[in-house]
1. Against the definition (free of Cβ contacts under 8 Å to residues at least 60 places away in the same chain and assigned to a loop (DSSP other than H, G, I, E, B)), how does Lys185 come out, yes or no?
2. Return the total of residues in the stretch 221-260 being outside any helix (DSSP H, G or I) and touching a helix residue (DSSP H, G or I) at 6+ places or on another chain (Cβ under 9 Å).
3. Only residues that are farther than 17 Å from Leu122 by Cβ and surrounded by fewer than 19 Cβ atoms within 10 Å (Cβ to Cβ): list them for the stretch 246-256, please.
4. Could you run through the stretch 196-241 and say how many residues are crowded, with 24+ Cβ neighbours inside 10 Å and aromatic (Phe, Trp, Tyr)?
5. Might you check whether a residue that is modelled with pLDDT of 90 or more, part of a loop (DSSP other than H, G, I, E, B), under 26 Å from Arg139 (Cα atoms) and not assigned by TED's automatic domain parsing to the domain that holds Asn141 occurs anywhere in the stretch 4-19?
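The values are calculated or read from the model by the stated rules, or taken from the named source; none is laboratory data. Computed from a predicted structure; not experimentally measured. Cβ placement follows ideal geometry from the backbone for every residue including glycine, while neighbour counts extend to all protein chains displayed.
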Amino acid sequence: MSDSETKTSPYRVQVLDRALAIIDTLAGEGPDASLMELSEKLHLHKSTVHRLLMILERHRIVERQPHTGRYQLGLRLFELGSVAIARFNIRERARLHLQRLVLEVDETVHLCVLDAGEVLYLDKIEPSRSVRMASRIGRRNAVHCSAVGKVMLAHLPEREVDQIIEQRGLPRFTSKTIVTMADLKADLKTTLARGYAIDNEEAEEGLRCVGAAILGRNGRPLGAISTSAPSFRLPLDKVPMVAAAVCAAARALSEESGYQGASQPEIRIESQPVS
């Protein structure tokens, strides 16, 4: 690398950071945003944001609406995302299991993975019900308050759990959210013993979820499957029955993924304690 390239490389990294910040803002703020809104949100001069938007627009990463002049994410991101998802074959392999599970439990089911210390939703299938869960593929969620997050943490070494929580923290979302490390580790111990995790209205009031881990050949979590439902449709005494179905799907997918360790716990519906 030449001296001139060395001197300009920090600037180039900053430009990339700012371009990615624009994409993140458009993804998180809503369907579109004006140049002024982006400038204010990112604390950047309008001319700087405009130059970056022109580059992103040229590559179809963002699109400018001709009638309003507002910007939105472009279809190129969908194309790239489709390629990435296609290569992530766990989604393809899990699809049949999710379809069977949604027929069995008649509630929304999800496939999730752990990504950068957060839960990332890869797939979702909904039942034919009038009241459904407000979730979407591509959404991210905290690990400490979601059933899928907690069940994946339960299968990680303690030092990795510590690193994730040190990075992400334990923010409170409801009155039932776990907000101390001691309580989280106690929950993870219980989760590992019984074979599934429960989100007991910890991420959202009135929402209860049950999640089980998909384990790979080395016993590490490749992802997790969950069932989510309004708490009035999934009372605590019904959790073990739903958990049995979720765990069966996760167990089958683990075996297909080459998991050869100790068998994941079978769920005894009659006597399974729920906390």
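1. Details: free of Cβ contacts under 8 Å to residues at least 60 places away in the same chain: yes; assigned to a loop (DSSP other than H, G, I, E, B): no.
For Lys185, the condition - free of Cβ contacts under 8 Å to residues at least 60 places away in the same chain and assigned to a loop (DSSP other than H, G, I, E, B) - is not met.
2. Here the count works out to 12.
3. Taking the stretch 246-256 first, the residues farther than 17 Å from Leu122 by Cβ are 247-248, 251-252, 255.
Listed by number, the residues that qualify are Ala252, Glu255.
4. 1
5. no
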